Amino acid sequence: MSANALYTDLSGYYDLMCVDIDYQAQSHCIRRLHQLFGNKGNTHLDLACGTGPHVRHFIDYGYQSSGLDINQPMLDIAATRCPEAQFTLQNMSDFNITSQVDLITCFLYSIHYSDGIEKLKDCIASVHSALSDQGMFCFNVVDKDKINNDLFVRHSAQHDGSHFTFHSGWHYCGHGEKQSLKLSIEKSTADETHRWHDEHPMVAVTIKQLKEILKPYFEVHVFEHDYEKIIPWDNNSGNALFACVKI
Ligand SMILES: C[S@@+](CC[C@H](N)C(=O)[O-])C[C@H]1O[C@@H](n2cnc3c(N)ncnc32)[C@H](O)[C@@H]1O
């Protein structure tokens, strides 16, 4: 089985792992930021869209929404959830679209899937060229210097006669530009238990460093990682929401 089993062989369990995520609140918050800072257009692209939960909400808001992801099994689920949308199999560090869009999003820390700082810069350059005039790019991040390797999120669910337990947490060794996301899935039925362990390599960056990378391309607004309230980032929190307007 691959090191990113959750997005390939185990993609059928992804939505079960994310059942506690408030996708509606996330999508609504970004739509609000787009109304405040964006160019009033309604075309949208979701990078690393996964199984398409945000695309679903944006279509329901009236956007012409699309998604890209690097794993076809995730896109297959997205296409079932959002038959109206176009999905393409692409790497977000180097993607092409046929016409520019007004809003590009990247949720659930997925921008960290860029393979190192250079690839992150390539992703930002690709986003900039894919956006229309004053188009907006929104995403969330974790600051490498604020990662606590001992913290993890645990979640359990019952599904199809099995009990599932999911764990996820960041790991950063304290130097360099690589961090990882450690994930485990345990599936127990009456007589057997299966366990899978994923470790996803990701780019490590600070929020201040990222602001500097974005500045040549965008007017950069940074907010607290709170999808209920729009509050400016306090220059200290370890998680943040970025809303970047193309210049
Ligand atoms: C944590 S999931 C997030 C999915 C979705 N955005 C959500 O909020 O539920 C990360 C997604 O990133 C995708 N991914 C990983 N590396 C990628 C890359 N280089 N380009 C595009 N997608 C990527 C994975 O296949 C997976 O679907």
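None of the figures in this text is laboratory data; all of them are computed from the coordinates on show. Fair warning: this is a prediction, and the values are worked out from it, not measured in the lab. Glycine gets a Cβ as well: all are built from the backbone with ideal geometry, and neighbour counts include every protein chain shown.
Below is a table of values for the structure above.
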quantity	calculated
Semi-axis lengths (Å, descending) of the ellipsoid that matches the C-alpha gyration tensor of the chain	29, 22, 17
Debye, to nearest 20: dipole size of segment 177-235, +1 on Lys, Arg Cβ, -1 on Asp, Glu Cβ	260
The chain: angle of helix 117-130 to the longest principal axis, Cα-based, in degrees nearest 10	60
Chain lengthening between residue 119 and residue 188 when straightened (0.36 nm per residue, less Cα-Cα)	21.0 nm
Between helix 23-37 and the chain: long-axis angle, C-alpha atoms, 0 to 90°, nearest 10	10
D (Stokes-Einstein, µm²/s), Kirkwood Cα radius, segment 89-186, 0.692 mPa s at 37 °C	207
Ascending count of other beta-carbon atoms within 10 Å, so fewest first, for 66, 99, 184	99, 184, 66
Among 20, 133, 160, residue whose mean-square fluctuation peaks in a GNM of the chain (springs only between Cα atoms under 10 Å)	160
Listed residues 153, 142, 203, most fluctuating in the chain (Gaussian network, C-alpha, under 10 Å)	153
Qualifying lysines (Cα of each under 24 Å from Cα of residue 119; at least 8 residues distant if same chain)	144, 146, 178, 182, 208, 211, 215, 246
Relative contact order %, the chain, counting alpha carbon pairs below 8 Å whose residues are six or more apart	18
Crossing angle, helix 72-81 versus the chain [Cα axis fit, 0-90 degrees, rounded to tens]	80
Computed over segment 145-203, Cα set: Rg, Dmax in Å	14.2, 45
Distance between modelled label sites at residue 36 and residue 19, nm, 7 Å Cα→Cβ extension	3.4
Filtered GluC sites (Glu not before Pro), segment 159-247: DSSP coil and at most 12 other beta carbons within 10 Å	192, 228
Residue with peak Gaussian network fluctuation, the chain [Cα springs, cutoff 10 Å], from 29, 123, 18	18
The chain, helix-only ellipticity at 222 nm - DSSP H runs n ≥ 4, -39,500 (n - 2.57), divided by all residues, nearest 500	-7000 deg cm²/dmol
Longest exposed-site-free window of the chain, the sites being chymotrypsin sites (Phe, Trp or Tyr not before Pro) in a DSSP loop that have at most 15 other C-beta atoms within 10 Å	153-247
Size of electric dipole in segment 1-58: Cβ of Lys, Arg +1 and of Asp, Glu -1, about Cα centre, debye, nearest 20	400
Amide H partners (placed H, <5 Å) of residue 86, local residues excluded	67
